[in-house]
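*Asks:* Handing you this structure, nothing more for now.
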Amino acid sequence: MDRSFFSISFDLILRGSELPYDLYVNSSSLEKKQKFIKVFPKKEVLEDNDLLEMKDKYKQLYVAEDERDLYVKSLIKNENASDIEVASLIKDSAISYLHQIFDPKKDFNTVILEETISGCKDAVENMIDVLDDYSIDGLSKLIASLSAHDFYTYDHSINVSMYCISLLRALKPDVSRVELMHAGLGGLLHDLGKIKIPTNILNSPGGLTEEQYQVIKTHPDIGFSLLDEIGIEVEGVDLKTISRVVHEHHEQWDGKGYPRGLKEKEIHLLARVCTIADFFDAITTKRSYSQVLTISQGIAIMDKNVGTKLDPTLFKIFKNYIKHSNVESTKDMRMADHFDPTIPYAELPLEEIDKLFTDDDFGKIKLIEDSDKPKKKKK
Ligand SMILES: [Fe+2]
Ligand SMILES: [Fe+2]
């Protein structure tokens, strides 16, 4: 099979220490035909003047796709690379892995699933390094500056993964790397079951019919059974944990979620983390057709779903992990109970909170019905 290559910026190439990847140029002058030739081998040290020479000689340098991970790793350590540049590369590699299983034209089998999970794990490991000190609002801004893919599920899965990593870090400051990786990988794969849901249902901007909604609601079960397949093994990954995130991310704290109606701590911790990340991304990340809330509006709205949909303790930590944005109060609005982050809403189902007292109530004495009257004490 032909190797594929991706273009890189001259300024982001590692200098002064062993280069972990080979550098290539495209020697073909024909636009449609590409012929890649190695111009600098890995394990040699590239100095500033070598690079200047290359800049003069070549228009563009490339790295082989199968060495992308090595390139990203070297970039994380490179002070010249901005977080946006590194994050977008990680996002590209995560998308290429997700695409292996989400593309309906591609074959699907357990070997491909194992390869995908293992590739996703590498992407998550890199995310953990880049997101080292990101607060939720800082992360939300980083996410907004990354370019969006046509297929919403890719963007959404990657965003959820990043929020899961940040939230778990805030929850457990001394969290182990393995746990963080499982939180991130669970987030990245949480909607895995959607590979079996037709795209016209997933992206239907006009909302869903009841029948289509029932189809979409099967995705946690589908994802779970795909991972539960006997014999799937990925080194360093506890698939039982990942499959619980996949299975339980639409369960609710109050037991009214799906597919099984689990409640409170019956739901795996990482699935509860994922539920918050899923909810937050669905209401704050722009999809082509819907209006979204600002970070602070999103938090204020979610605050009203604490104890019903969301784990109160986890949400409190999430909310306190906002560093630079003031949380506005949206006194009179809440998200409708039927809100489901999976649904492609044209407009978010916000509703007014029933006021406890209306203006008419003031200054009036309410009659108490007989049954409500306090019983007279017997003497
Ligand atoms: Fe989902
Ligand atoms: Fe989701």
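*Asks:* Taking the conditions exactly as written (without any contact (Cβ under 8 Å) to a residue 12 or more places away in the chain and polar (S, T, N, Q)), does Ser74 satisfy them or not?
*Replies:* no
*Asks:* Is it true that Gly261 is surrounded by fewer than 22 Cβ atoms within 10 Å (Cβ to Cβ), part of a loop (DSSP other than H, G, I, E, B) and either modelled with pLDDT under 95 or within 13 Å of ligand 1 (Cβ to nearest atom) (or both)?
*Replies:* So Gly261 fails the test.
Residue-wise test of (1) surrounded by 16 or more Cβ atoms within 10 Å (Cβ to Cβ); (2) of a type in the set (D, E, K, R); (3) under 20 Å from Arg68 (Cα atoms).
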residue	(1), (2), (3)
Lys91	yes, yes, yes
Ile95	yes, no, yes
Asp103	no, yes, no
Lys106	no, yes, no
Asn109	no, no, no
Ile117	yes, no, yes
Asp122	yes, yes, yes
Glu125	yes, yes, yes
Asp132	no, yes, no
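*Asks:* OK, next. From the list Lys59, Lys91, which residue is modelled with pLDDT under 90 and out of contact with any strand residue (DSSP E or B) (no Cβ under 7 Å at 6 or more places or on another chain)?
*Replies:* Lys59 is the lone residue from the list that is modelled with pLDDT under 90 and out of contact with any strand residue (DSSP E or B) (no Cβ under 7 Å at 6 or more places or on another chain).
*Asks:* Right, another one. Looking at (1) within 19 Å of the chain's Cα centre (by Cα); (2) more than 23 Å from Glu125 (Cβ to Cβ); (3) within 14 Å of ligand 1 (Cβ to nearest atom), which is the one condition that is false for Gly223?
*Replies:* Failed condition: (2).
*Asks:* Give me the pairs: first residue in segment 224-235 and on the phi > 0 side of the Ramachandran plot, second residue among the polar types (S, T, N, Q), beta-carbon distance under 8 Å, and six or more apart or on different chains, which are they?
*Replies:* Pairs found: Gly231/Thr110.
*Asks:* Give the residues of segment 294-314 that are buried (at least 20 other Cβ atoms within 10 Å of the Cβ) and either within 19 Å of the chain's Cα centre (by Cα) or outside the structural domain of Gly206 (by TED's automatic domain parsing) (or both), sorted by residue number.
*Replies:* Ile295, Gly298, Ile299, Met302, Lys309, Leu310, Asp311, Leu314
*Asks:* Also: Of (1) more than 16 Å from ligand 1 (Cβ to nearest atom); (2) of a type in the set (Lys, Arg); (3) at pLDDT 95 or above, Lys141 satisfies all except one. Which?
*Replies:* Lys141 satisfies every listed condition except (3).
*Asks:* Sticking with this one: Would you call Ile84 without any contact (Cβ under 8 Å) to a residue 60 or more places away in the chain, under 33 Å from the mean Cα position of the chain (by Cα) and in a helix (DSSP H, G or I)? Full working, then the answer.
*Replies:* Working: without any contact (Cβ under 8 Å) to a residue 60 or more places away in the chain: no; under 33 Å from the mean Cα position of the chain (by Cα): yes; in a helix (DSSP H, G or I): yes.
Criteria not met by Ile84.
*Asks:* Limited to segment 6-43, what total is found for residues that are surrounded by 11 or more Cβ atoms within 10 Å (Cβ to Cβ) and under 17 Å from Lys73 (Cα atoms)?
*Replies:* Number of matching residues: 17.
*Asks:* Consider Leu180 carefully, then state whether it is over 25 Å from Met162 (Cβ atoms) and surrounded by 15 or more Cβ atoms within 10 Å (Cβ to Cβ).
*Replies:* no
*Asks:* On to the next question. Consider Gln252 carefully, then state whether it is farther than 23 Å from Phe151 by Cα and either within 14 Å of ligand 1 (Cβ to nearest atom) or aromatic (Phe, Trp, Tyr) (or both).
*Replies:* Yes.
*Asks:* May I pose another question? Find all pairs meeting these conditions: Cβ atoms under 6 angstrom apart; at least six residues apart or on different chains; first residue within segment 141-167 and within 26 Å of Arg177 (Cβ to Cβ); second residue at pLDDT below 95 and of a type in the set (Lys, Arg).
*Replies:* Filtered contacts from segment 141-167: Leu146/Lys91; Ile158/Lys91.
*Asks:* Please list, ordered by first then second residue, the pairs with beta carbon atoms under 9 Å, 6 or more apart or interchain, first in segment 183-201 and more than 20 Å from Asp107 (Cα to Cα), second among the charged types (D, E, K, R) and within 11 Å of ligand 1 (Cβ to nearest atom).
*Replies:* Gly187/Asp278; His190/Asp278
*Asks:* Residue check: is Tyr152 surrounded by fewer than 19 Cβ atoms within 10 Å (Cβ to Cβ), within 14 Å of ligand 2 (Cβ to nearest atom) and aromatic (Phe, Trp, Tyr)? Spell out how you get there, then give the answer.
*Replies:* Working: surrounded by fewer than 19 Cβ atoms within 10 Å (Cβ to Cβ): yes; within 14 Å of ligand 2 (Cβ to nearest atom): yes; aromatic (Phe, Trp, Tyr): yes.
Yes, satisfied.
*Asks:* Quick one: in segment 229-275, which of the residues that are among the polar types (S, T, N, Q) and farther than 19 Å from Asp340 by Cβ is farthest from ligand 2 (Cβ to nearest atom)?
*Replies:* Here is the first cut: in segment 229-275, the residues among the polar types (S, T, N, Q) are 241, 243, 252, 275.
Still in the list and also farther than 19 Å from Asp340 by Cβ: 241, 243.
Working: Thr241: 18, Ser243: 16 Å.
Only one residue tops the list, namely Thr241.
The values are calculated or read from the model by the stated rules, or taken from the named source; none is laboratory data. What you see is a predicted model, and the numbers here were worked out from it, not measured in a lab. When we count neighbours, we look across all protein chains shown, and the Cβ atoms used for this are built from the backbone with ideal geometry, even at glycine.
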